[in-house]
Amino acid sequence: QVRLVESGGDLVQPGGSLRLSCAASGNIRVINDMDWHRQAPGKQRELVARISRDGSTNYADFVKGRFTISRDNAKNTVSLQMNSLEPEDTAVYYCKALIQRSDQYVVYAYWGQGTQVTVSS
């Protein structure tokens, strides 16, 4: 009843930019923290950036100054602007959100299906 759908992944050259978007839909009362995570082949999934409902942000050290996370609470969306992309940024990027459904009091973590970002010349 709750879905997260990412979009915006693509093949881009080193130094290029991409903007990822994630839209939450369904039986939603409130969305708390929204994150972007990524998983490269053979590696564990890692947190890239997090934004709270009030707009406070946290970034992994490896993306500070290059990536910007933002959200639109009215539209239940979160975005990740990625600049100065490096080959090491190649990964599947996942959106995650802490959501309270309209018919529940408990907050659950929901994940999107992922979107592929490939940085290569």
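Residue count for segment 91-113, restricted to those that are surrounded by fewer than 18 Cβ atoms within 10 Å (Cβ to Cβ) and either under 10 Å from the mean Cα position of the chain (by Cα) or part of a loop (DSSP other than H, G, I, E, B) (or both): 7. Just the residues that are in contact with a strand residue (DSSP E or B) (Cβ under 6 Å, 6 or more places away or on another chain), touching a residue at least 40 places away in the same chain (Cβ under 8 Å) and assigned to a loop (DSSP other than H, G, I, E, B), please, taken from segment 52-85. Listed by number, the residues that qualify are N76, L85.
Of all the residues in segment 19-43, those that are in a strand (DSSP E or B) and open to solvent by 40 Å² or more (accessible area, probe 1.4 Å) number 9. Only residues that are among the acidic types (D, E) and within 16 Å of N73 (Cα to Cα): list them for segment 7-40, please. D33, D35 - these are the residues of segment 7-40 that are among the acidic types (D, E) and within 16 Å of N73 (Cα to Cα).
Being of a type in the set (F, W, Y) and closer than 23 Å to R3 by Cα, is that true of even one residue in segment 82-94? Yes, there is a match, as at least one residue in segment 82-94 is of a type in the set (F, W, Y) and closer than 23 Å to R3 by Cα.
Residues of segment 36-83 being out of contact with any Phe, Trp or Tyr (no Cβ under 9 Å at 6 or more places or on another chain) and at positive phi, which ones? Within segment 36-83, G42, G55, N76 meet the criteria. Residues being more than 18 Å from V117 (Cα to Cα) and aromatic (F, W, Y) are entirely absent from segment 61-74.
If you scan segment 64-83, which residues turn out to be open to solvent by 70 Å² or more (accessible area, probe 1.4 Å) and at pLDDT 95 or above?
Within segment 64-83, T68, A74, K75 meet the criteria.
Scanning segment 44-63 turns up at least one residue that is surrounded by 15 or more Cβ atoms within 10 Å (Cβ to Cβ) and modelled with pLDDT under 95.
The values are calculated or read from the model by the stated rules, or taken from the named source; none is laboratory data. Everything quoted here is computed from the prediction, not taken from an experiment. Backbone-built Cβ (ideal geometry, glycine too); neighbour counts: all protein chains shown. The protein model used for the area step is the full one, side chains on, heavy atoms only, and it has no ligands, DNA or RNA in it. Shrake-Rupley method; radii C 1.70, N 1.55, O 1.52, S 1.80 Å.
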